[in-house]
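The values are calculated or read from the model by the stated rules, or taken from the named source; none is laboratory data. Please read these numbers as outputs of a predicted model, since none were measured by experiment. Virtual Cβ from ideal backbone geometry, glycine too; neighbours counted across all protein chains shown. With ligands, DNA and RNA removed, areas are computed over all heavy atoms of the protein, side chains included. Shrake-Rupley method; radii C 1.70, N 1.55, O 1.52, S 1.80 Å.
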Amino acid sequence: MSGKEFFREVTRDFFVIVTFCNLAVFVLGSIFKPEARFGYEAFLSPLIYGVLGVLPGVLMYSNHELKIREVIVRKAIQLVFLEAIMYLVVFGIDGMKKEDPRVLVGLGVSVLIIYVLVPIIDWIIDSREAKQLTEDLLEFQKNEKE
Amino acid sequence: MKIAVKQISKEQEELVAVYCHEVSDEVREIVGFVKSLQGQLTGSMDGREYEIAITDIYYVESVDNRTYLYAANKVYETKMKLYELENTLGNKRFMRASKSVILNLMKVRSIKPAMNGRFTAVLQSGEEIIISRKYVPDLKEKIRGGK
């Protein structure tokens, strides 16, 4: 995979992560801190989480085509890094209280859900592209036969 | 080996001749290359040699420095290297699908997504070939003609 392709994928994943982070903050906030009020700076949080979320994606970069086993191992390591980064930021930097075990679990589950949803979204986008490629291919075959 | 090219009149039939002390692998490669330019490849199966029409080939695969031609239900070995075949077949509806495979686009039934940003080409024979994402732009360029 070239650096350009990798950058394109990371950018795509960034926006998907930002969208889901917004959703996760809404759901978790509504459950655990419904009374909380924020300023405009709160809009930056999903963007920061988006950047942090794509950072472990570096683990998926490779000059050669990864084998399925390599992909699975790297994905597992990526998830561990991702969970560690998010816990560090949310409880270490953002100063969220970690006494409530529901918050701890809620964050871990949210990160996991987003981690699973991102490749699903990628898959849906790729499916649409594959459908278009198939249509173009059949057209190509028809033209070549004529 | 000396090389001679002689221009002849339009009335005479064009001919490629190889004068050699023995029919070595190198000579077979030269013959195979010339045949490939004429729409045929030489492949061997069970010790016998066959002429295979390029249009009958589904895909070409290189495994452990050996190159195989896959037809509908037969597999032939060829003396030609993958890069040589890529040069020969590249402008004949074939494209590189991965590091080790050249694919005949005319034999692809559909394309579906595969893991990690790759695509899978489903052939008319039902076989599935992975298209590395490195070669996806080439596929688009080939079938869309730069559109």
Checklist entry - Using the Karplus equation 6.51 cos²θ - 1.76 cosθ + 1.60 (θ = phi - 60°), what ³J(HN,Hα) coupling, rounded to whole Hz, does each residue of the range B:120-125 give in order, writing x for Gly and Pro? => result 10, 8, 8, 7, 5, 7
Next on the checklist: Skipping prolines and chain starts, which residues have an amide H placed within reach, meaning under 5 Å, of the one on B:ALA71, given they are 5 or more residues away or on another chain?
Outcome noted: B:TYR58, B:TYR76
Checklist entry - Taking amide hydrogens as modeled 1.01 Å from N in the peptide plane, which residues meet the under 5 Å criterion relative to B:ALA97, leaving out close sequence neighbours? => result B:ILE102, B:LEU103
Next on the checklist: Apply the a/c threshold of 1.5 to the C-alpha gyration tensor of the range B:85-147 and tell me whether it is rounded, prolate or oblate.
Outcome noted: rounded
Next on the checklist: Quick check: with the 1.4 Å probe, what order do A:VAL16, B:VAL5 take by accessible area, largest first?
Outcome noted: B:VAL5, A:VAL16
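Calculate the mean, over all residues of peptide B:129-140, of how many other protein chain Cβ atoms lie within 10 angstrom of the residue's Cβ.
Numbers: counts 0, 1, 2, 3, 7, 6, 1, 4, 3, 0, 3, 4.
Going residue by residue through B:129-140 and averaging, the value is 3.
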Item to check | Partner chain coverage, peptide B:50-58 - average Cβ within 10 angstrom | outcome: 0
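Students sometimes get this wrong: rank A:ARG69, B:ARG109, B:ARG48 by accessible area, probe 1.4 Å, all chains present, largest first. Let's see the in-between values first.
Working: A:ARG69 190, B:ARG109 125, B:ARG48 150 Å².
Descending order: A:ARG69, B:ARG48, B:ARG109.
Of all the accessible heavy-atom surface of the protein assembly as shown, with the other protein chains kept in place and a 1.4 Å probe, what percent is carbon and sulfur?
Details: 11170 of 18970 Å².
After summing per-atom areas, the C and S share lands at 59 percent.
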Checklist entry - Per residue in the range B:88-114, which ones lose no less than 50 Å² of accessible surface when going from chain alone to all protein chains (1.4 Å probe)? => result B:ARG93, B:MET106, B:ILE111, B:PRO113
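Leaving out ligands, DNA and RNA, calculate the buried accessible area for the pair B and A with a 1.4 Å probe, summed over both sides, in Å² to the nearest 100.
Working: alone 10440 and 10890 Å², together 18970 Å².
What B and A bury together is about 2300 Å².
Could you please report the charge total around B:ILE129, scoring K, R as +1 and D, E as -1 over all other residues with beta-carbon less than 10 angstrom from its beta-carbon?
Values: positive: B:LYS107; negative: B:GLU61, B:GLU127, B:GLU128.
Summing Lys and Arg as +1 and Asp and Glu as -1 gives -2.
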Item to check | Alpha carbon centroid spacing (whole Å) that separates the range B:34-93 from the range A:107-146 | outcome: 31
Next on the checklist: If each DSSP helix of 4+ residues adds -39,500 (n - 2.57) and the sum is divided by the residues in chain A, what number results at 222 nm, nearest 500 deg cm²/dmol?
Outcome noted: -26000 deg cm²/dmol
Checklist entry - For B:MET106, what accessible area in Å² do you get when you roll a 1.4 Å probe over the heavy atoms of the protein chains, rounding to the nearest 10? => result 30
Checklist entry - Could you give the accessible area per residue of the protein assembly as shown, probe 1.4 Å, as a whole number in Å²? => result 65
Item to check | Residues with amide H under 5 Å from that of B:THR120, placed H, sequence gap 5 or more | outcome: B:LYS112, B:ALA114, B:ILE131
Checklist entry - Where in chain A are the DSSP H helices whose alpha-carbon span along the long axis reaches 27 Å or more and whose Kyte-Doolittle mean is at least -0.5? => result A:3-32, A:68-87, A:101-145
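Can you sort A:VAL90, A:VAL109 by solvent-accessible area, 1.4 Å probe, largest first? Walk me through the numbers on the way to the answer.
Numbers: A:VAL90 15, A:VAL109 70 Å².
Descending accessible area places them as A:VAL109, A:VAL90.
Which of the residue pairs A:LYS142/B:LYS74; B:LYS35/B:LYS79; A:LYS142/B:LYS79; A:LYS131/B:LYS134; A:LYS131/B:LYS81; B:LYS81/B:LYS112 have a Cα-Cα distance greater than 23 Å in the structure shown? Please report the intermediate quantities before stating the final value.
Details: A:LYS142/B:LYS74 26 Å; B:LYS35/B:LYS79 12 Å; A:LYS142/B:LYS79 32 Å; A:LYS131/B:LYS134 19 Å; A:LYS131/B:LYS81 33 Å; B:LYS81/B:LYS112 29 Å.
Going by Cα-Cα distance, A:LYS142/B:LYS74; A:LYS142/B:LYS79; A:LYS131/B:LYS81; B:LYS81/B:LYS112 fall outside the 23 Å limit.
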